[in-house]
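Novice: Handing you this structure, nothing more for now.
The values are calculated or read from the model by the stated rules, or taken from the named source; none is laboratory data. Keep in mind it's a predicted model, so treat the numbers as computed, not measured. Cβ: placed from backbone, ideal geometry, glycine included. Neighbour counts: every protein chain shown.
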Amino acid sequence: MRTTYIIAPMLLLAACAPPPPSSPPPPGPIGAAPSFVAMAPPVQDANGKQFAPPPAGMGALYFFNPTSAGPALKVVVNGREVGLLGTQTWMRAEFAPGERAVRCWGADSSSALPVYLAPGEIRFFDIEMNPGQPTCSVREAPPDQGRSAVLMGGRAFQGQ
């Protein structure tokens, strides 16, 4: 009986102890860290990975950052902020057809790529800034490469 009085308080104290520290994410190239951004709900991630056609009269642009290290990058199209891409994340946005300027902003730099978007079109853009790069880059990717990067990544939250 006396053993019960000693063990019970010890178990209660053990239950109150803080959890062990979580291990940090693995470092990227040359010890650089991945960037983290707010993530979209799982249902939005799953829906975007269906690659559904855009609404009638619109076109869709996918933006992805396939790198495992680097800063969070702001994506802007014709002055409209789409959101922030972290490492191994993606976003999708729909636009009316016409000329577009796809721009990334990272650290103290930016880069842009002019694009013509046609109705019903779905296009993919690799947006990244690797450690040691002085500027972020915007590059159109072939559909198979873009789909693969989206399927391997997570959908970043897009506040609109």
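Novice: What single numbered condition from (1) modelled with pLDDT under 95; (2) part of a strand (DSSP E or B); (3) over 21 Å from residue 134 (Cα atoms) fails to hold for residue 99?
Specialist: Among (1) modelled with pLDDT under 95; (2) part of a strand (DSSP E or B); (3) over 21 Å from residue 134 (Cα atoms), the lone unmet condition for residue 99 is (1).
Novice: Still on this structure, I have one more. Residue check: is residue 117 modelled with pLDDT of 95 or more, within 13 Å of the chain's Cα centre (by Cα) and under 22 Å from residue 59 (Cβ atoms)? Spell out how you get there, then give the answer.
Specialist: Values: modelled with pLDDT of 95 or more: yes; within 13 Å of the chain's Cα centre (by Cα): no; under 22 Å from residue 59 (Cβ atoms): yes.
The answer is no for residue 117.
Novice: Within the stretch 130-158, how many residues turn out to be touching a strand residue (DSSP E or B) at 6+ places or on another chain (Cβ under 7 Å), surrounded by fewer than 18 Cβ atoms within 10 Å (Cβ to Cβ), part of a loop (DSSP other than H, G, I, E, B) and at pLDDT 95 or above?
Specialist: So the count comes out to 1.
Novice: Hey, among 87, 67, which residue is surrounded by 18 or more Cβ atoms within 10 Å (Cβ to Cβ) and in contact (Cβ under 8 Å) with a residue 60 or more places away in the chain? It would help to see each step written out before you state the result.
Specialist: Values: 87 fails: in contact (Cβ under 8 Å) with a residue 60 or more places away in the chain.
67 is the lone residue from the list that is surrounded by 18 or more Cβ atoms within 10 Å (Cβ to Cβ) and in contact (Cβ under 8 Å) with a residue 60 or more places away in the chain.
Novice: Quick one: would you say residue 80 is among the basic types (Lys, Arg) and at pLDDT 95 or above? Walk me through it before giving the result.
Specialist: Numbers: among the basic types (Lys, Arg): yes; at pLDDT 95 or above: no.
Taking the combined requirement at face value, the residue does not satisfy it.
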